[in-house]
1. Quick check on this structure: which one of Arg46, Arg50, Arg12 is touching a Pro at 6+ places or on another chain (Cβ under 7 Å) and either surrounded by 15 or more Cβ atoms within 10 Å (Cβ to Cβ) or among the small types (Gly, Ala, Ser) (or both)?
2. Scan region 71-110 residue by residue and report those that are more than 17 Å from Gly11 (Cβ to Cβ), of a type in the set (Gly, Ala, Ser) and crowded, with 20+ Cβ neighbours inside 10 Å.
3. Between Leu98, Leu118, which is farther than 21 Å from Val150 by Cβ and not basic (Lys, Arg)?
4. Can you spot a residue in region 164-181 that is in a helix (DSSP H, G or I), small (Gly, Ala, Ser) and free of Cβ contacts under 8 Å to residues at least 60 places away in the same chain?
5. Give the number of residues within region 15-31 that are part of a helix (DSSP H, G or I) and out of contact with any Lys or Arg (no Cβ under 7 Å at 6 or more places or on another chain).
6. Could you identify the single residue in Arg50, Arg12 that is of a type in the set (Lys, Arg), in contact with a strand residue (DSSP E or B) (Cβ under 9 Å, 6 or more places away or on another chain) and not in a strand (DSSP E or B)?
7. Quick one: how many residues across region 32-52 are among the β-branched types (Val, Ile, Thr) and touching a Gly at 6+ places or on another chain (Cβ under 7 Å)?
Amino acid sequence: MKDFIIYALKGRTTPDFALDNLAELGRMDLVCEVVANALFFSNGIRKDTRVYVCLTGPRDPPKLIIFDGETLRGMDPDTPTVAKTIKDALKGGLKLQLNEQKEVQPGATIAKKAFEPLVKEKAKTSQLVYLDPEGEDIRSFEYPENVTFVLGDFIGLPRNTEKLLDRFGAKRINLGPKVLFAAHCPILVHNEMDRRESKE
């Protein structure tokens, strides 16, 4: 299984935002692009992939939205559709208590859950991989069967969050000699893994 966690420090946690103003709302446009690029390819959806969107911005953090490629229905691979799904999920999760979750449509679930317990849970069954410009080159990294890629948004991850990932045994890999936009990262990760799987 391939999982992606995007940690959006300023990402909105309540649905009181306009869908035509995403760039000014904690760069929710970027979050939507990451989701679309991680889940979709031309004329298809990656059924072996999940995306976890950790939102910690105003006004009701933390919120976690989970997109499961195996069961996801009713979402097109474009920013407006992903944004609407996120907004609907936040609306459906307004009354959640800590660690409660609720499916809002097939393949889309919202939870009142923070980043730390999520990565702690994932570390038990999956190899954590932090996408870091200072890490090992992706082309020399040996992927385990279950892997969880962690990336930040336009702000990046706080230093204490990086240390947290280190404590949970995260490997650090880079995707090339240039620092990339977060939305490009899932594409390159999938491309590398697709190439390897095609040779098996």
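1. Details: Arg46 fails: touching a Pro at 6+ places or on another chain (Cβ under 7 Å); Arg50 fails: touching a Pro at 6+ places or on another chain (Cβ under 7 Å).
Unique residue meeting the criteria: Arg12.
2. Gly107, the sole residue that qualifies.
3. Values: Leu118 fails: farther than 21 Å from Val150 by Cβ.
After applying the criteria, what remains is Leu98.
4. At the first step, the residues of region 164-181 found to be in a helix (DSSP H, G or I) are 164-167.
Filter once more, keeping what is small (Gly, Ala, Ser): none.
Checked region 164-181: no residue is in a helix (DSSP H, G or I), small (Gly, Ala, Ser) and free of Cβ contacts under 8 Å to residues at least 60 places away in the same chain.
5. Our first condition is that a residue be part of a helix (DSSP H, G or I); within region 15-31, this holds for 22-24, 28-31.
Filter again for out of contact with any Lys or Arg (no Cβ under 7 Å at 6 or more places or on another chain), leaving 22-24, 29-31.
Of the residues in region 15-31, 6 are part of a helix (DSSP H, G or I) and out of contact with any Lys or Arg (no Cβ under 7 Å at 6 or more places or on another chain).
6. Details: Arg50 fails: not in a strand (DSSP E or B).
Going through Arg50, Arg12 in turn, the sole match is Arg12.
7. Within region 32-52, the subset among the β-branched types (Val, Ile, Thr) is 34-35, 45, 49, 51.
Cutting the leftovers down to touching a Gly at 6+ places or on another chain (Cβ under 7 Å) gives us 45, 49.
Counting residues in region 32-52 that are among the β-branched types (Val, Ile, Thr) and touching a Gly at 6+ places or on another chain (Cβ under 7 Å) gives 2.
FYI, it's all coordinate maths here, none of it is from the lab. A quick note: this is a predicted structure, and the numbers were derived from the prediction, not measured. So basically every Cβ, Gly included, is an ideal-geometry build from the backbone, and we count neighbours across all protein chains shown.
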